[in-house]
Amino acid sequence: MQKILFKGPNISMKNENPDIKEIKTLADLPSGTGSEYFINVHGSEFFYKPTNLGLWEKIKSYFMPEPSYLSMSIFSDEGTTSVLDITLLNKIQNNTIANQCNIVHIFSCHSGAAQHHLDWIQGNMVLCTYNKASDANIIQLAQNNYDARTQNDFLLIEYIRDYFHLLVASDFSISYKLDDQIYSFSLSANKIKKMKSIAELPSFLHKEYKAFVKFYKNIHAKYHESYPEIFNLNIETKPKELTYDDLIRVFSRALTLETYNFNKFSLSKIETMLNQKGLYTDTSIGDAIEQGNSELLICLLNYGNTKVSTYNLDKAIEKGDLVILKAILEHSTTKIASYNLDKAIEKGDLAILKAVLEHSTTKIESYNLDKAIEKGDLAILKAVLEHSTTKIASYNLDKAIEKGDLAILKAVFEHSTTKIELYNLDKAIEKGDLAILKAVLEHSTTKIASYNLDKAIEKGDLAILKVVLEHSTTKIESYNLDKAIEKGDLAILKAVLEHSTTKIASYNLDKAIEKGDLAILKAVLEHSTTKIELYNLGKAIEESDLAILKAVLEHSTTKIESYNLDQAIEKGDLAILKAVLEHSTIEVGSSNIYTAEETHNLDVIELVKKYYNSTINTITSEENTIDTTLIVVEEVPALGEGTEGI
């Protein structure tokens, strides 16, 4: 028989059997022969309240209410939806061939309610439920029951025999609906919960098993030929032999379920069960904490040599009930772990934290300090710092800076003897909070480094930058100037230039030209005493920004060389070329004509030739002036020659 796991939303059940098919929606249900289904969903007990009843019907419904239904949360095309037990079970039945029989296990809370309306279910079915209609179930117990049934090849009746003792503790019920006849058998843990000695348990289990054998044999005799897939094995008449540990597990499960479903009658049952030695109480203690039930908790804590787990310490802290927490701490011999401290810090309740710290001998670690800083509660942080002997680390300072709460940061500084490192300064600059940065700088004895200046420039916040510069004794380097130019923020650049005593280098000029921002370039040029080099001119030509080029040319006293002109010619931008040609130092040569002709750009060729002719005319005019001067010089007699012989 195929096994199928039907899982609902928010169910963490693990399936380690690859032969079991897992489905999530009603549309995924298989069609065909009977299968064994394991339905693990969240469930609740649902009571139908009819309306428009007469007086007699109202009285009758009050004293004899209709049995409850099981409402289950499942996946649907719209996300999640709720379905009643009869809807889900009939859907399974409708997908099954007539005269076939399905086996269905329901592991939800209140699963016993699904037993109430089997007369509404079509076809043949064996239904197994694992708690009373009024009770919730525990995830781990559901997982245990599922694993017990699926991690071997046992038939259903073999599974029931081998785990009968635990099924009794779980209030297990089984119903057979065959040929429109319903046969039901229910187990109850009530008598177990009233036993004063474990010695009473074996005989009780034997009696219950004997009753089940009689029930099963009766059905087997009637239906084993019609439904061989269900009744293919006779039941063992003798129950499984149980060890003392098996018996203890029965009491432990009954105890766990009673504390989980605690009511006004539960305490006396629990006190009776606690007369047995060796019970597992950890889950029950956790339930008592969650319920905030101090009376139940103290009862459990006083049992034997109960050791409180760190998990339950966490649970008590998370609960936030001081009475519950103190009861746990006073009883516990378990050393508080660092993650318990984290939980108390995260909770944010000062009284809870102080109770934990007073009871703790655990050293507060740096990551606990981080957690307190991150929490952002000043009272919580101060309590941790007062209790701590751990030196505050640089990354704790980073965390306080990053948090951005001035009071938190100051509290950390007051407790800290740690030197502020350069990366802490970087973190404060990056944070961009002026008050935080000032507090860091006031506390710091570390010299600001060039890369801190870079970080402040890159941040682009003028107020932040000015505070850093005012506090800095570090020389601004050329690469800091480059960073300010690259940032492209005029106010930032001016602040850097005003603070700088570094001579602007040629590659800074290149960076300003490359940036292409005229205001940035002019600010650099105004501050610069550096001669503009030919490669700066080349960079300005290459960038093809006319305003940038003109600014460079106006500031330049460097003679433009032939290869600069060639570069402008090859660029092919007439405005750029004209700006270069109009510069007072230009001389156009025949090689430039050749370069222009190589471009095959008629406008470029014409413009270059025009300035070439102008250059030739200028040179010729200058040569003529020189020749005339020479002639005049030749006509003037040497001093004294003109008077001789007169």
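The values are calculated or read from the model by the stated rules, or taken from the named source; none is laboratory data. No experiment lies behind these values; they were computed from the predicted model shown. Please note: Cβ atoms are built from the backbone with ideal geometry, for glycine as well, and neighbour counts cover all protein chains shown.
Data for the structure
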item	result
Boolean, D162 is touching a helix residue (DSSP H, G or I) at 6+ places or on another chain (Cβ under 9 Å) and at positive phi	no
Checklist (1) among the charged types (D, E, K, R); (2) over 51 Å from the mean Cα position of the chain (by Cα); (3) under 21 Å from E258 (Cβ atoms) applied to K207, failing item	(3)
Counted residues, segment 93-111 - those being more than 39 Å from the chain's Cα centre (by Cα) and not polar (S, T, N, Q)	4
Helices (runs of 4 or more DSSP H) contained in segment 117-226 and holding at least 1 residues within 30 Å of A98 (Cα to Cα) and among the polar types (S, T, N, Q)	139-150, 201-223
Segment 2-16: number of residues that are surrounded by 15 or more Cβ atoms within 10 Å (Cβ to Cβ) and in a loop (DSSP other than H, G, I, E, B)	4
Meets criteria (touching a Leu at 6+ places or on another chain (Cβ under 9 Å), modelled with pLDDT of 95 or more, charged (D, E, K, R) and farther than 30 Å from I345 by Cβ) for K222	yes
So N145, is it assigned by TED's automatic domain parsing to the domain that holds P202 and closer than 16 Å to I39 by Cα	yes
Every residue from segment 434-460 that is out of contact with any helix residue (DSSP H, G or I) (no Cβ under 8 Å at 6 or more places or on another chain) and not polar (S, T, N, Q)	E442, K447
Hits in segment 575-591 (condition: under 13 Å from K610 (Cα atoms) and within 60 Å of the chain's Cα centre (by Cα))	L577
Qualifying residue in segment 172-183 (condition: among the polar types (S, T, N, Q), assigned by TED's automatic domain parsing to the domain that holds V41, within 45 Å of the chain's Cα centre (by Cα) and at pLDDT 95 or above)	yes
Condition met for K238 (over 52 Å from the mean Cα position of the chain (by Cα), surrounded by fewer than 18 Cβ atoms within 10 Å (Cβ to Cβ) and part of a helix (DSSP H, G or I))	no
Residue in segment 32-54 that is modelled with pLDDT under 90 and assigned to a strand (DSSP E or B) present	yes
Qualifying positions in segment 189-218 - more than 18 Å from E158 (Cβ to Cβ), touching a residue at least 40 places away in the same chain (Cβ under 8 Å) and among the hydroxyl-bearing types (S, T, Y)	S197
Options K522, K539, K550: the member that is surrounded by fewer than 19 Cβ atoms within 10 Å (Cβ to Cβ), part of a helix (DSSP H, G or I), under 50 Å from the mean Cα position of the chain (by Cα) and not aromatic (F, W, Y)	K522
Subset of segment 80-115 (residues that are touching a residue at least 24 places away in the same chain (Cβ under 8 Å) and among the small types (G, A, S))	A98, S108, S111, G112, A113, A114
Unique residue being assigned to a helix (DSSP H, G or I), closer than 22 Å to S284 by Cα and of a type in the set (V, I, T) when the list is V384, V323	V323
